[in-house]
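Below is one structure, written out as structure tokens, with a few remarks after it.
Just so it is clear, none of the values below were taken in a lab; they were calculated from the coordinates. Just so we're clear, the structure is a prediction, and the values are computed from it rather than from any experiment. Here the Cβ positions follow ideal geometry from the backbone for every residue, glycine too, while neighbour counts run over all protein chains shown.
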Amino acid sequence: MTFGEFLSNRLGRVFIQLIFAAVAAFFLVATGTQAGIILLLFLVFLLVFAATQLSDFFRQKSRLHELEAIMERLDQKYLFTECVPMPKELYERKIFDLVRRAGRSMIGTVSDAQTAQREYREYVEGWVHEIKTPITAAGLICRNTEDDIRRKLTRELGQIEAYVERTLFYARAESPEKDFIIRQTVLSELAAQAIDHHRALLMQSGIRVEMEELEQEVFTDSKWVIFILGQLLQNAIRYRGENPVVSFSAKKFGKQIHLTVSDNGIGIPEYELPRVFDRGFTGSNGRSRGGSTGMGLYLCKKLADCLEIGIRITAKEGRGTAVTLCFYHA
Amino acid sequence: MQKIMIIEDDSAIREELVLLLKNEGYCPFPVVDFTDIPKQAKQLCPDLILLDIGLPGQDGFSLCADLRRSGAFPVIFVTSRDSNLDEVRALSLGGDDYITKPYNVPVLLARIKAVLRRGGGALEAPDVLESQGLRLNLTKGIVSAGTNSVLLTRNELQILACLMEHGGGIVSRENLIEMLWSSRIYIDDNTLSVNVTRLRGKLAELGLPDLIKTRRGMGYQL
């Protein structure tokens, strides 16, 4: 707030005071007071008026300054009215009270929503853990059946498991409380575990898996990265072409390590590439092959952002797709 | 025989684990009464405990601490909870390994074998396989017949080892591929054919060109 702004806001008051002074002067002239006295009175009046206005200006300015500082320091800005001292003036206090009531209702709504979200996440996580018990049991039981049936059932169970896992990570990615632990891991181990999780799906789609130069160490959360790699494998399976191959390779670029997962599948049209990380974007491949939810790459991007891993995609229609994860190396 | 104590509240999984471990030559002891498990463990003195964290009425973590106090049994946690926090907690409480459900069977067996081996007293897996006049040294990757020997690649070694372990039985291509994937050799059908052809070539150098027979529509046989 500048002095000019302050003054223009009080223009009405200044005008009324001037009129008042003019009326008083007129009255004094009419009653025969000496011009010198009138001038003196007028000067005194002007001085007092200017002094009160100036003091008002500086008081308001310093208070605003104080409030700004409180706002600046606050992590949750909507808690502002809870952290501000009560104003002294009656009218201001009434206004403040109203604003505080509005703020409280907002805080209540926000905290209700946060609780609901946390409870929902807990429920989803609990559900995911519950469903894993029968999936495990089914996996063990079908081991005793004939090879052909076992293989088919194992693939279906693998598919169920992949969907369940995605639900879990969706709940985790959308929740503000992130549960990850950054540790030193070797890329080959991450790739191997992602492959292990999808072995039934990979084997039966006849995909050859290649791994090159993955003996490099990175600092990251292995569970999340294994999930991301799993999503990329699922895409490679779903959008595979003739003689499918999926390959993992790593390269060091200065302080970064780039892990690339590439396939020789049907690829992605160039004009769709900028949107593949969008939530729910299925594109022409998703429409032609079906079963796409547009969530896989969205989740990859989301999780990668949380872990501060860069993620890039390149693709040629009919030739294949390559997704690169950029880690800062150990 | 090595005793494995199974602490798992889901009866279907428990029964299947018993069957599985029996087939693998272990001696499984399922726990059905979940009161005072440490005492039961003390009486049994198992070589390994498979412990489910989500037991009814009690916390698997505190149970593990109790088990640790009653004896130095290796413990593998088997759980459907896979948050990082749970894993760190389990391992800091002295668990030897942590497997999340749903596990695939080969992985589970490999982990069990690894922990038992670490605990010592375990039978070392045989280093040399012998069958039909063929000697396969697994650590050196050398196969020999009589005085001649040939060096094998990792893939060829695993294929031959698998065929030899089946002692003349037919091994289907799919099973062979599954077995190779368990050893982290991610091979497809064509590559398998190529590898078998190469392996046959090497065996021919030893004077055994027709050792691996192709059984059309069924698989390979030694």
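Note down the nm distance, to one decimal, between modelled labels 7 Å out along Cα→Cβ at residue A:47 and at residue A:147.
For the pair residue A:47/residue A:147, the computed spacing is 11.2 nm.
Can you work out the FRET efficiency for the pair residue A:271 and residue A:312, with r the C-beta to C-beta distance and R0 = 25 Å, to the nearest 0.05?
Calculated transfer efficiency: 0.90.
How large is ³J(HN,Hα), in whole Hz, for each residue of the stretch A:286-302 in order, when computed from phi with the Karplus curve 6.51 cos²θ - 1.76 cosθ + 1.60 and θ = phi - 60°, using x for Gly and Pro?
3J(HN,Hα) across the stretch A:286-302, in whole Hz: x, 6, 6, 8, x, x, 8, 10, x, 9, x, 5, 4, 5, 4, 4, 4.
If each Cα of the stretch A:167-306 is one equal point scatterer, what is log10 of I(q)/I(0) from the Debye formula at q = 0.10, 0.14, 0.19 Å⁻¹?
-0.34, -0.70, -1.28
Could you tell me which of A:209, A:52, A:187 has its Cα farthest along the dipole of the protein assembly as shown towards the positive end, charges placed at Cβ (Lys, Arg +1; Asp, Glu -1), taken about the Cα centre?
Final value for the positive-end residue is A:52.
So what are the stretch B:49-116's ellipsoid semi-axes, whole angstrom, largest first, if each one is the square root of 5 times an eigenvalue of the alpha-carbon gyration tensor?
They are 18, 15, 10 Å, listed from largest to smallest.
Given charges of +1 on the Cβ of Lys and Arg and -1 on the Cβ of Asp and Glu, with all other atoms neutral, how large is the dipole of the stretch A:186-320 about its Cα centre, in debye to the nearest 20?
440 debye
Between the stretch B:37-71 and the stretch A:67-87, what is the separation of their alpha carbon centroids in Å?
When both Cα centres are located, 52 Å separates them.
Loop only per DSSP, at most 11 neighbouring Cβ atoms within 10 Å: give me the trypsin sites (Lys or Arg not before Pro) in the stretch B:67-98, ordered by residue number.
Those that pass, being in a loop and sparsely packed, number zero.
Treating only the Cβ of Lys, Arg, Asp and Glu as charged (+1, +1, -1, -1), what charge dipole size does the protein assembly as shown show about its Cα centre? Round to the nearest 20 debye.
960 debye
Okay, helix-only estimate at 222 nm for the protein assembly as shown: each DSSP H run of n ≥ 4 adds -39500 (n - 2.57), divide by all residues, round to 500 deg cm²/dmol; what do you get?
Only helices count here, giving -18000 deg cm²/dmol.
Run through all the Cα pairs of the protein assembly as shown and give the fraction in each 20 Å bin from 0, expressed as whole percent.
16, 38, 23, 10, 8, 4, 1, 0
In Å, the Kirkwood hydrodynamic radius of chain B over pairs of distinct alpha carbons?
Kirkwood hydrodynamic radius for chain B: 19.7 Å.
Dipole of the stretch A:6-160, Cα-centred, from +1 at each Lys and Arg C-beta and -1 at each Asp and Glu C-beta, to the nearest 20 debye?
360 debye
Normalising by the residue count of chain A, find the relative contact order in percent from Cα pairs under 8 Å and 6+ residues apart.
11 percent
For a 22 Å ceiling on Cα separation, which of these pairs sit above it: A:178/A:223; B:140/B:202; A:132/B:113; B:3/B:39; A:178/A:255?
A:132/B:113; A:178/A:255
Work out the charge dipole of chain A with +1 on the Cβ of Lys and Arg and -1 on the Cβ of Asp and Glu about the Cα centre, then indicate which of A:21, A:219, A:95 is farthest towards its positive end.
It is A:21, whose Cα lies furthest towards the positive end.
For the charge dipole of chain B, defined by +1 on Lys and Arg C-beta atoms and -1 on Asp and Glu C-beta atoms about the Cα centroid, which residue among B:63, B:92, B:139 has the Cα displaced farthest towards the positive pole?
Of B:63, B:92, B:139, it is B:139.
Give me the distance in nm between label points sitting 7 Å out from Cα along the Cα-to-Cβ direction at residue A:69 and residue B:11, one decimal.
Distance between label points: 7.1 nm.
Quick check on the stretch B:3-118: take the gyration tensor over C-alpha atoms, sort the square-rooted eigenvalues as a ≥ b ≥ c, and tell me if it's rounded (a/c under 1.5), prolate or oblate.
Taking the square roots of the gyration eigenvalues as a ≥ b ≥ c, the stretch B:3-118 is rounded.
Kirkwood Rh over alpha-carbon pairs of chain A, then Stokes-Einstein at 25 °C and 0.890 mPa s: what D in µm² s⁻¹, rounded to an integer?
The estimated diffusion coefficient comes to 94 µm²/s.
What average number of partner chain Cβ atoms lie no more than 10 Å from the Cβ of the residues making up A:203-210?
Taking all residues of A:203-210 together, the mean is 4.
Please find the FRET efficiency linking residue A:100 to residue A:60, where r is the Cβ-Cβ separation and R0 is fixed at 22 Å, and quote it to the nearest 0.05.
0.65
Label points 7 Å out from Cα along the Cβ direction at residue A:19 and residue A:79: separation in nm?
Spacing of the two 7 Å Cα→Cβ label points: 4.9 nm.
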